[in-house]
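Written out below as structure tokens is the structure these notes cover.
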Amino acid sequence: MFRGPAAPAPAPRRTWDILAVIALGGGAGAVARYLLGRAFPAPPTGFPWGTFLANVTGCFALGALMVFVLDVWPPRRYVRPFLGVGFLGGFTTFSTFAVEIVDRSSHGAWPMAGAYAAAGMVAGLIAVWCGIVLARTLAGLPVRRRGRRGE
């Protein structure tokens, strides 16, 4: 007899503090992104510098943060949830990036939409890599790690 999917187990009480830390970080990151967007307003057919800068600097910061959280600092319960998930999650935005591409396309600015889409993806990947390399260099770690088999 099929009983349907099991009901999810209630979240352990101990996770509420993590959710609160993520919410605080996310609120702060969203405010920072809003202020950056206000500092760099974009016309409907222009390049959206505010979102582009938020996403690229967020990628850089996340790359650097993960090196410090995973390889340098001792484990801390709230650092990654607050900074990585909360602040940088609220600061960066894929949804606005996508909406801005559609907006440019709907206004007939296809070259700008394509350039923005490509630049955002390429710059984000380069920024993550640069954040990782800089953080590993500052921490005195080798820039390239050997694969799991060679460790």
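Every number here is computed from the coordinates shown, using simple stated rules; none is lab data. Quantities reported herein were computed from a predicted structural model and do not represent experimental measurements. Please note: Cβ atoms are built from the backbone with ideal geometry, for glycine as well, and neighbour counts cover all protein chains shown.
Values computed for the structure shown
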quantity: Rounded, prolate or oblate (a/c below 1.5 giving rounded, otherwise prolate when a/b exceeds b/c) for region 23-73 by Cα gyration tensor; calculated: oblate
quantity: Kyte-Doolittle mean at least 1.0 and Cα axial length at least 20 Å: DSSP H helices in the chain; calculated: 16-39, 49-67, 110-138
quantity: Relative contact order, percent, the chain [alpha-carbon distance under 8 Å, six or more residues apart]; calculated: 32
quantity: P(r) of region 90-138 over all Cα-Cα pairs, binned every 5 Å from zero, in whole percent; calculated: 5, 20, 20, 20, 14, 10, 6, 4, 2, 0
quantity: Radius 15 Å from Cβ of residue 109, net charge of other residues (Lys, Arg +1; Asp, Glu -1); calculated: -1
quantity: Added length on full extension, which subtracts the Cα-Cα distance from 0.36 nm per residue, residue 102 to residue 119; calculated: 4.6 nm
quantity: Which label in [x] 42, 38, 33; [y] 55, 35, 29; [z] 54, 49, 36 gives the computed Cα extents along the principal axes in Å; calculated: [z]
quantity: Projected label distance in nm at residue 30 and residue 139, using a 7 Å step from Cα toward the beta-carbon; calculated: 3.0
quantity: Order of 66, 121, 112 - criterion: other Cβ atoms within 10 Å of each residue's Cβ, fewest first; calculated: 121, 66, 112
quantity: Packing-based order for 39-47, 97-105, using average beta carbon neighbours within 10 Å, highest first; calculated: 97-105, 39-47
quantity: Residues 49, 110 arranged by fewest to most Cβ contacts within 10 Å; calculated: 110, 49
